[in-house]
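Participant: I am attaching a structure below and will ask some questions about it afterwards.
The values are calculated or read from the model by the stated rules, or taken from the named source; none is laboratory data. Quick caveat: nothing in here was measured; it's all calculated off a predicted structure. So basically every Cβ, Gly included, is an ideal-geometry build from the backbone, and we count neighbours across all protein chains shown.
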Amino acid sequence: MCGIVGYVGKKNSSDIVLDGLKTLEYRGYDSWGIAVNDNGKLDVFKKVGEINIKKVPLPKTSSAIGHTRWATHGGVNEINAHPHFSTRRDFVLAQNGIVENYQDLKGKLIMKGYTFDTETDTEVIVRLIEEKRKSNETLKDSVRDAFNELEGRNTVIVLDSSKEDHIIAVRNGSPLVLGIGKDGIFLASDALAFAKYTKDVVFLDNYDLVEINGNEFKIYDAKSGIRKEYKVTKLNNKIKGISKGKYSHFMIKEIVEQKDTVLKAAEYSEDDLKAIIEAVRNANRVYITGAGTAGFASGQIAYYLRNIAKVDALDVRSYDFETFLPILTKNDLVIAVSQSGETADTIEILEFAKEKGCKIGCIVNVEGSTIHRMSDYKYLIHAGPEICVASTKVFTSQCVFGYLLAKSMVNEYKEAKSYIQDLSDGLSDYFNEKSFKHIKKLAKKIKDNEHFFILGKGQNSYISLEGALKVKEISYKHFEGFSAGELKHGVIALVEDDTPVFSIISDDKDSKDIISATEEVKARGAFTVGVGDSKFKNESCFKYFLPTASNKELSGLANVVAFQLLSYFLADSLGNSIDKPRNLAKSVTVK
Ligand code: F6R
């Protein structure tokens, strides 16, 4: 949800910021903008759409800020794109977040005579800073005063024209990381934006205010204004710049990477898992929570914990968790599942849980993210940067970690590791032209249909939901996943001649039910597609069959990969934007 970049240093600042914004485009790609300080004159360049230029027409300077937008308030156009000028054009500001009290603030500012050029809540912050300048000597204190009046989760960055190389930024909710390099100081919503220049970072906390003055910076507590100590963290050396390599999209690259990432997620020794196992054992109940794909991963992990380790584990979507707060006790453990570690819905629930005195665990991909830092039991899945907005490799990695945890709780760590290795080997064999061709053929056949259903059960129940989400995100087709048991209770009314119905089938106790449900929809004319263990490929209920790298207890994870590929090939054949689907952003840092 919007990406922010700032730079002060020896290199051409607009090049650095442009490069950083390209890396952060997964956070929003409606429009973007860059501002530079050219000897006391601020120059801004803005554009609607994706970033597809190599250089911005701005003068060469040593300080700049930039922003990539995912619109919340106000349409997608150059006027609403950030950064926004102050009335006197003496500073520019970009924001990530939502000012929840912006109407109230705007009303008061209008009464004071301020005018507004945009429909954004961001401009309210700009005008409020202008107002605060009247009673403050410094821009820093004016920014601080204004910031403390904002409600909601907001992070802002300001470029000043009155001093050379002067940037002020404040974080609350939406992430902000500071990078200390030999050629300059960086600020960004995600360290990836500058990871190729420096590995020395400061993960800013909520209400940290940073002031960069030339080659120095200071951090203050925005609430009190008092200077703060900070900790420099070394980023994992493996994080480099990102590229699609030989692939035409990040999505397909990330899908194929799963043969390796499922192993990385399980690179924990039995000793490493002791702390979380102990916490799970001692908990009254374990709640697993996340949103979207991470919510479905939570469901799959809870399934493993209940069915393998016999733990009272319940998955609850983070945006709906509030209805469970009345029964949450301090003896419950809450485990958050998240790729970014910055999802506002999930963070809010963790804050409530912490207030109740619960311990928090996390299964996340981004080190130093808010959820990672606020957790008592921190587990990274080491999937590497996931750039495609639709999550693929992170889903399987999170589930693999949950599976390893569940198996370790019943002393089956070694068996789990060997099944995970089998999954990885199975996927390595599966990613070949023959499987791709078979899925492409199906994609071509169904691409004109509008409604699709996916049936799953047991280990494939959440896979049907995740499979449906994956395909709808990129193909914009109506895919609905549900438990096969639900079919007769209503959904079957929607099945008519040629409706594609996918049935996920593993070699397990649920296969019979899946076959019966498929027979029922076939009898009503459905175009039935089996997805799963090739053992079932000749079952007469299926009109088409997609064999997967199906693998005993981890069959569900092998099966979901077929839907990821179907999503990819379907979207490709429809000519859709794959890595950046319409209306979506990868990191949902606003509510
Ligand atoms: C879908 C997808 C989203 C995210 C959700 C939570 O492909 O990526 O549904 O799973 O927005 O994000 P994280 O995992 O960053 O908490």
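Participant: In the range 39-46, is there at least one residue being within 23 Å of Glu216 (Cα to Cα), β-branched (Val, Ile, Thr), in the same structural domain as Leu24 (by TED's automatic domain parsing) and in a strand (DSSP E or B)?
Facilitator: No - not one qualifying residue is present in the range 39-46.
Participant: I would also like to ask the following. Mind checking which pairs have a first residue in the range 296-308 that is in the same structural domain as Val286 (by TED's automatic domain parsing) and within 16 Å of the ligand (Cβ to nearest atom) and a second that is among the aromatic types (Phe, Trp, Tyr) and in a helix (DSSP H, G or I), Cβ under 6 Å, 6 or more apart or different chains?
Facilitator: Note: pairs meeting the criteria are Phe296/Tyr462; Ala297/Phe395; Gly299/Tyr462; Gln300/Tyr462.
Participant: Taking Asp345, is it within 16 Å of the ligand (Cβ to nearest atom), closer than 21 Å to Leu465 by Cβ, of a type in the set (Asp, Glu) and modelled with pLDDT of 95 or more? Spell out how you get there, then give the answer.
Facilitator: On the way: within 16 Å of the ligand (Cβ to nearest atom): yes; closer than 21 Å to Leu465 by Cβ: yes; of a type in the set (Asp, Glu): yes; modelled with pLDDT of 95 or more: no.
No, not satisfied.
Participant: Let me ask something else. For the range 67-98, how many residues are closer than 14 Å to Val5 by Cα and in a loop (DSSP other than H, G, I, E, B)?
Facilitator: 2
Participant: Would it be correct to say that Leu314 is over 30 Å from Gly97 (Cα atoms) and part of a helix (DSSP H, G or I)?
Facilitator: no
Participant: Something else: For Glu412, indicate whether it is farther than 25 Å from Asn282 by Cα and of a type outside the set (Val, Ile, Thr). Walk me through how you get there before you give the answer.
Facilitator: On the way: farther than 25 Å from Asn282 by Cα: no; of a type outside the set (Val, Ile, Thr): yes.
No, not satisfied.
Participant: I've got another one for you. Which one of these does Leu109 not meet: (1) without any contact (Cβ under 8 Å) to a residue 24 or more places away in the chain; (2) under 17 Å from Thr589 (Cβ atoms)?
Facilitator: Here Leu109 meets the rest and fails (2).
Participant: Within the range 387-394, is there a residue that is within 13 Å of the ligand (Cβ to nearest atom), of a type in the set (D, E, K, R) and either at pLDDT 95 or above or buried (at least 24 other Cβ atoms within 10 Å of the Cβ) (or both)?
Facilitator: First, the residues of the range 387-394 that are within 13 Å of the ligand (Cβ to nearest atom): 387-394.
With the extra rule that they be of a type in the set (D, E, K, R), the set shrinks to 393.
From what is left, the residues that are either at pLDDT 95 or above or buried (at least 24 other Cβ atoms within 10 Å of the Cβ) (or both) are 393.
Yes; the residues of the range 387-394 include at least one that is within 13 Å of the ligand (Cβ to nearest atom), of a type in the set (D, E, K, R) and either at pLDDT 95 or above or buried (at least 24 other Cβ atoms within 10 Å of the Cβ) (or both).
Participant: Can you name every residue in the range 375-406 that is of a type in the set (D, E, K, R) and within 22 Å of Asn583 (Cβ to Cβ)?
Facilitator: Glu386
Participant: Okay, next question. Can you go through Glu355, Glu351 and tell me which one is closer than 16 Å to Thr589 by Cα, away from the ligand (no atom under 14 Å from the Cβ) and free of Cβ contacts under 8 Å to residues at least 40 places away in the same chain?
Facilitator: Of the residues listed, the single one that is closer than 16 Å to Thr589 by Cα, away from the ligand (no atom under 14 Å from the Cβ) and free of Cβ contacts under 8 Å to residues at least 40 places away in the same chain is Glu351.
Participant: From Gly525, Gly532, grab the single residue that is in the same structural domain as Tyr462 (by TED's automatic domain parsing) and either of a type in the set (Lys, Arg) or more than 16 Å from Asp507 (Cα to Cα) (or both).
Facilitator: Working: Gly532 fails: either of a type in the set (Lys, Arg) or more than 16 Å from Asp507 (Cα to Cα) (or both).
When all the criteria are applied, what remains is Gly525.
Participant: May I pose another question? Can you confirm whether Asp448 is assigned to a loop (DSSP other than H, G, I, E, B), surrounded by fewer than 17 Cβ atoms within 10 Å (Cβ to Cβ) and charged (D, E, K, R)?
Facilitator: Judged against the criteria, Asp448 is a match.
Participant: Follow-up question, since we're still on this one. With the range 338-409 as the region, which helices (runs of 4 or more DSSP H) entirely inside it contain at least 2 residues that are assigned by TED's automatic domain parsing to the domain that holds Ile255 and either within 11 Å of the chain's Cα centre (by Cα) or of a type in the set (Ser, Thr, Tyr) (or both)?
Facilitator: Passing ranges, in order: 344-356, 393-409.
Participant: Another question, then. Give the residue, chosen from Phe431, Phe482, that is more than 16 Å from the ligand (Cβ to nearest atom), surrounded by fewer than 24 Cβ atoms within 10 Å (Cβ to Cβ), of a type in the set (A, V, I, L, M, F, W, C) and modelled with pLDDT of 95 or more.
Facilitator: Residue meeting the stated conditions: Phe431.
Results for (1) within 16 Å of the ligand (Cβ to nearest atom); (2) aliphatic (A, V, I, L, M); (3) touching a helix residue (DSSP H, G or I) at 6+ places or on another chain (Cβ under 8 Å), shown as yes or no for each residue.
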{"site": "Glu496", "(1), (2), (3)": "no, no, no"}
{"site": "Pro500", "(1), (2), (3)": "no, no, yes"}
{"site": "Asp513", "(1), (2), (3)": "no, no, yes"}
{"site": "Glu519", "(1), (2), (3)": "no, no, no"}
{"site": "Phe545", "(1), (2), (3)": "no, no, yes"}
{"site": "Ser555", "(1), (2), (3)": "no, no, yes"}
{"site": "Asn559", "(1), (2), (3)": "no, no, yes"}
{"site": "Leu584", "(1), (2), (3)": "yes, yes, yes"}
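Participant: Something else about it: Would you be able to say whether some residue in the range 278-286 is buried (at least 19 other Cβ atoms within 10 Å of the Cβ) and assigned to a helix (DSSP H, G or I)? Before the answer, list the steps.
Facilitator: Of the range 278-286, the ones buried (at least 19 other Cβ atoms within 10 Å of the Cβ) are 280, 283, 286.
From the residues that got through so far, the ones that are assigned to a helix (DSSP H, G or I) too are 280.
Checking the range 278-286: at least one residue is buried (at least 19 other Cβ atoms within 10 Å of the Cβ) and assigned to a helix (DSSP H, G or I).
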